[in-house]
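The values are calculated or read from the model by the stated rules, or taken from the named source; none is laboratory data. For clarity, every value in this text was computed on a predicted model and none was experimentally measured. No Cβ is skipped: glycine too gets one built from the backbone with ideal geometry, and neighbour counts run over all protein chains shown. Heads up: the accessible areas ignore ligands, DNA and RNA and are worked out on the full protein's heavy atoms, side chains in. Shrake-Rupley method; radii C 1.70, N 1.55, O 1.52, S 1.80 Å.
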Amino acid sequence: MSHYALTLHELAAKLSRREISSVEVTESVFGRIAATDERLHSYLALCRESALQEARQADERLKSGGDCPPLTGVPVALKDIFITRNVPTTCASKILGNFVPPYDGTAVRKIKESGAVILGKTNMDEFAMGSSTENSAFVVTRNPWDTERVPGGSSGGSASAVAADQCIAALGTDTGGSIRQPAACCGIVGLKPTYGRVSRYGVIAFASSLDQVGPMTKDVTDCALMLEAVAGKDPCDSTSVDVPVPAYASQLHGGVKGLRLGMPKEYFIPGIQAEVEKSVKDAIRLLEKNGVEVVEVSLPHSEYAVAVYYIIATAEASSNLARYDGMKYGYRAPAKDLTETYMRTRQEGFGPEVKRRIMLGTYALSAGYYDAYYLKAQKVRTLIKRDFEAAFRKCDVIITPTTPTTAFKIGEKTQDPLQMYLSDIFTISVNLAGLPGLSLPCGFDGNGLPIGMQIIGKHFDEATILRVAYAYEQATEWHKRKPKL
Amino acid sequence: MKITREEVRRVALLARLQLTPEEEELLTGQLDAILSYMETLDRPDTEKVEPLAHAVDLVNAFREDRVVHEPQAEELLANAPAKENSFFKVPKIIE
């Protein structure tokens, strides 16, 4: 097997036994990128020189014996939303111009301190706004399973890079499904942790009450290792929470006997692709054979989630994106006075979806409409959160499809924003309630496209989600299938 | 009709977004469709429901007031669209 195809935990074991070097693996991954990225366009920027330098340092460390941090020498990709010192960071937007950050965000700092080798920055929907990575200002990323289809979004570049072995693991962000939905579309594991589990410092802000950083990996064990590396309280993010970070990877083997698994009836509805529904139900039956107790639960306000989300997320975005004014960094359009500078800079710098969301959010917050839209949405958000509180009194985890369909065709939904928004229908509530949710592969449809199932847990109970996901993964082979490239 | 072209212009000015006439027309239709969809929120009874701003309970976070290393002025200015000496250069604000 080629080095690039290794999982993180396989690679870490080989590195620590000195069977291979980090430089060899890093070269192997860059070779894979060179051979495949002209077709896939997962990456916006590569850091070949600094990566090889980091790999050499990792090899020195490994050679000297002693304690090495857990990701020492492991090549990792970062979504281009992460502020990364001395590496161009665009958020897939023209408005950031030639911005080169003078610091590392906390997740990047922690992943580096864990010893990881940074390969480069992956493509995404501009400002993480989208479900297909078609909203990148630079390039459209393609799904490694079928290059006529989208990889999902907004972390589509990270998802396709993991699926195509163009990295060992990746980091993404998730505001309404942006880790889980592309993970499902590309047949990988993706976890959105509890709101507050991972610091948002140095993550370019989209909707601050919803945004969360998380791992995108080849299997569940890798996901646990990556989460351990980035989780924890950070004084630079006052919304990060001081809850101890368990050793997730060492708690995977507990089995699922006696756990109660909730099946929300509102998530198995007409309109979802038959093969998706069947695969998820088969997965639930398999877990039942392994000892979980299946209970029906109800999340009656689910039907309002998309409407609530697109008011709250756009309202927060319109406020967050006010900072792109062409004054201190990024692009500035030539104009005759201050107001015209603002207006032209933002006209030329933002793409159509970002403008649409800024308009929607500004409208929802503007005088006379605040109560009807923003306040109303916040109240229904309370009802959605209460639904989950009630459901979790009856069960330990909830299982749903991650997406209503497998990956759609490039261009299929770009003309109808509302249809695009509805592809996040099963992931959005989790962000509104601040819960952790993981997607993992649970089958393939007739076109050979991966299907994802979502496991939702209680606040800060990522360990149970990972345990269920691991038990399922051990009983199946889906995660071992690779796209032909 | 939830939204008119006039209103799209008003909101665009609030958001400091210059729109072309084509963008104005497209956005009027699209925002109208999206805002009509939002009407589903009129259905649930929320009269006695408190609004939720954050899903995880937050308390005010205090920190010690001490000096930490931040990026230096030259590093920050390196990203400026226009600068003069150690200052950001911006369009004139007062005539």
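Side notes on the structure shown:
- Odd one out for A:Trp478 among (1) open to solvent by less than 20 Å² (accessible area, probe 1.4 Å); (2) under 19 Å from A:Met216 (Cβ atoms): (1)
- Total residues in the stretch A:45-76, condition open to solvent by less than 50 Å² (accessible area, probe 1.4 Å) and under 22 Å from the mean Cα position of the chain (by Cα): 6
- Scanning the stretch A:279-303 for residues that are in contact (Cβ under 8 Å) with a residue 60 or more places away in the chain, more than 23 Å from the chain's Cα centre (by Cα) and assigned to a helix (DSSP H, G or I) turns up A:Asp282, A:Ile284, A:Leu286, A:Leu287.
- The stretch A:272-306, residues that are away from chain B (no Cβ under 11 Å) and among the charged types (D, E, K, R): A:Glu275, A:Glu277, A:Lys278, A:Lys281, A:Asp282, A:Arg285, A:Glu288, A:Lys289, A:Glu293, A:Glu296
- Within the stretch A:323-338, the residues that satisfy the criterion of being among the aliphatic types (A, V, I, L, M) and at the interface with another protein chain (Cβ under 8 Å from one of its Cβ atoms) are A:Met327, A:Ala335, A:Leu338.
- Contact map, the stretch B:65-86: first residue facing another protein chain (nearest Cβ under 7 Å), second residue surrounded by fewer than 10 Cβ atoms within 10 Å (Cβ to Cβ) and among the aromatic types (Phe, Trp, Tyr), Cβ cut-off under 7 Å, separation 6 or more or different chains; the map is empty.
- Residue match in the stretch A:272-291 (condition: among the acidic types (Asp, Glu), more than 30 Å from A:Arg357 (Cβ to Cβ) and in contact with a helix residue (DSSP H, G or I) (Cβ under 8 Å, 6 or more places away or on another chain)): no
- Considering the stretch A:380-404, the residues that are touching a helix residue (DSSP H, G or I) at 6+ places or on another chain (Cβ under 9 Å) and at the interface with chain B (Cβ under 7 Å from one of its Cβ atoms) include one that is nearest to A:Ala469 (Cα to Cα), namely A:Lys385.
- Residue check for B:Ala61: within 7 Å of another protein chain (Cβ to nearest Cβ), more than 22 Å from the chain's Cα centre (by Cα) and among the small types (Gly, Ala, Ser): yes
- Qualifying positions in the stretch A:160-180 - under 26 Å from A:Asp237 (Cα atoms) and assigned to a helix (DSSP H, G or I): A:Arg180
- Residues in the stretch B:20-55 that are at the interface with another protein chain (Cβ under 7 Å from one of its Cβ atoms) and open to solvent by less than 20 Å² (accessible area, probe 1.4 Å): B:Leu27, B:Leu31, B:Ile34, B:Met38, B:Leu41, B:Pro44, B:Thr46, B:Val49, B:Ala55.
- The single residue among A:Tyr373, A:Tyr363, A:Tyr342, A:Tyr309 that is part of a helix (DSSP H, G or I), more than 21 Å from B:Glu23 (Cα to Cα), facing chain B (nearest Cβ under 7 Å) and aromatic (Phe, Trp, Tyr) turns out to be A:Tyr373.
- B:Leu17 satisfies every condition listed in (1) in a loop (DSSP other than H, G, I, E, B); (2) facing chain A (nearest Cβ under 7 Å); (3) closer than 24 Å to A:Asp211 by Cα except (3).
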